[in-house]
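Input: a single structure, listed below in structure tokens.
The values are calculated or read from the model by the stated rules, or taken from the named source; none is laboratory data. Remember, it's a predicted structure, so these values are computed and weren't measured experimentally. Every residue, glycine among them, receives a Cβ derived from its backbone with ideal geometry; neighbour counts consider all protein chains shown. Ligands, DNA and RNA are excluded from the accessible area calculation, which covers all protein heavy atoms including side chains. Shrake-Rupley method; radii C 1.70, N 1.55, O 1.52, S 1.80 Å.
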Amino acid sequence: MPSPESVAEALAVVRRRIASATARPERVEVVAVTKGHGAEAVRSALAAGVLDVGENYARELLAKEAELPSGSPRRWHFLGAVQRNKVPELAALVAVWQSVDRAEEARRIASFRPGATVLVEVALFSGPGRGGVARPAAAGLVEEARSLGLAVAGLMAVGPPGPPEDARQGFRWLASEARRLGLSEVSMGMSADLEVAVEEGSTMVRVGTALFGPRPGAPGLGR
């Protein structure tokens, strides 16, 4: 179980890695991804000063939220596939929906949380289980979400498995597309490839393993 002290030490290492990749490290937000870990990981992240916490599954987010004290500040980021039947339960809790990749999802979120902050997830690389809208359709989905009254803050993507350098061209495109669309946030980079992501313009890295260690049952994933 990650302790507050161990997470604080790991966070310091992550921040040094970010600082090694950009002259403006203060512009890069760390989202602590607690997928697969218990509510204690969230408590440890909050104690270390990370207020932005990411979850991939509705059931985990709801279970952890129920275990946390009501007064502690936190901002939930939803990172997984948006299941429309789960949106009503999550609408009041999620501060940032990072993985919107279909117009139906945007409409569902808008109906339960008008003006919600969202990121459009773009598929930079193909592979089983990968979400995201195709690159040519990203701008259209951004406009669709805006027309629904959602606050589209930026774009999000997941890098490919393998060497971090393999993600560079895709990350570079994502940052460029975000600028072209007038979006301020670029969520890309995880534990294994955050330096490349930050070098290419990431403003938000989603870090799990580097803060909490391997997920139970999934050692060595580097995410």
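A few comments on the model shown:
- Residue match in region 166-173 (condition: surrounded by fewer than 17 Cβ atoms within 10 Å (Cβ to Cβ), closer than 22 Å to residue 100 by Cβ, out of contact with any strand residue (DSSP E or B) (no Cβ under 9 Å at 6 or more places or on another chain) and not basic (Lys, Arg)): no
- Residue satisfying all of: in region 151-165; hydrophobic (A, V, I, L, M, F, W, C), open to solvent by 10 Å² or more (accessible area, probe 1.4 Å) and in contact with an Asp or Glu (Cβ under 9 Å, 6 or more places away or on another chain); farthest from residue 14 (Cα to Cα) among these: 152
- For residue 201, the conditions (1) on the phi < 0 side of the Ramachandran plot; (2) part of a loop (DSSP other than H, G, I, E, B); (3) open to solvent by 10 Å² or more (accessible area, probe 1.4 Å) all hold with the exception of (1).
- Qualifying residue in region 11-23 (condition: touching a Lys or Arg at 6+ places or on another chain (Cβ under 9 Å) and within 20 Å of residue 187 (Cβ to Cβ)): no
- Residue selected from region 122-139 under the condition open to solvent by less than 50 Å² (accessible area, probe 1.4 Å) and not in a loop (DSSP other than H, G, I, E, B), by the criterion farthest from residue 180 (Cα to Cα): 133
- Of all residues in region 88-121, those that are within 21 Å of residue 53 (Cα to Cα) and either outside any helix (DSSP H, G or I) or modelled with pLDDT under 95 (or both) total 19.
- Each residue in region 1-32 was checked for being in a helix (DSSP H, G or I), within 22 Å of residue 72 (Cβ to Cβ) and of a type in the set (S, T, N, Q), and 1 of them qualify.
- Extreme residue, surrounded by the most Cβ atoms within 10 Å (Cβ to Cβ), among residues of region 1-26 that are closer than 11 Å to residue 198 by Cβ and among the aliphatic types (A, V, I, L, M): 18
- Unmet criterion (only one of (1) basic (Lys, Arg); (2) assigned to a helix (DSSP H, G or I); (3) surrounded by 15 or more Cβ atoms within 10 Å (Cβ to Cβ)) for residue 35: (2)
- Residue selected from region 92-107 under the condition crowded, with 19+ Cβ neighbours inside 10 Å and within 16 Å of residue 42 (Cβ to Cβ), by the criterion farthest from the chain's Cα centre (by Cα): 94
- Of the numbered criteria (1) among the β-branched types (Val, Ile, Thr); (2) buried (at least 19 other Cβ atoms within 10 Å of the Cβ); (3) not in a loop (DSSP other than H, G, I, E, B), the one residue 50 fails is (3).
- Here region 178-198 is the region considered, the condition is being more than 14 Å from residue 153 (Cβ to Cβ) and part of a helix (DSSP H, G or I), and the residue that is most open to solvent (accessible area, probe 1.4 Å) is 180.
- Pairing residues of region 1-21 that are under 22 Å from residue 202 (Cβ atoms) with residues that are in a helix (DSSP H, G or I) and among the aromatic types (Phe, Trp, Tyr), at Cβ distances under 7 Å and at least 6 apart in sequence or on separate chains, gives 7/212.
- Boolean, residue 89 is touching a helix residue (DSSP H, G or I) at 6+ places or on another chain (Cβ under 7 Å), crowded, with 21+ Cβ neighbours inside 10 Å and among the acidic types (Asp, Glu): no
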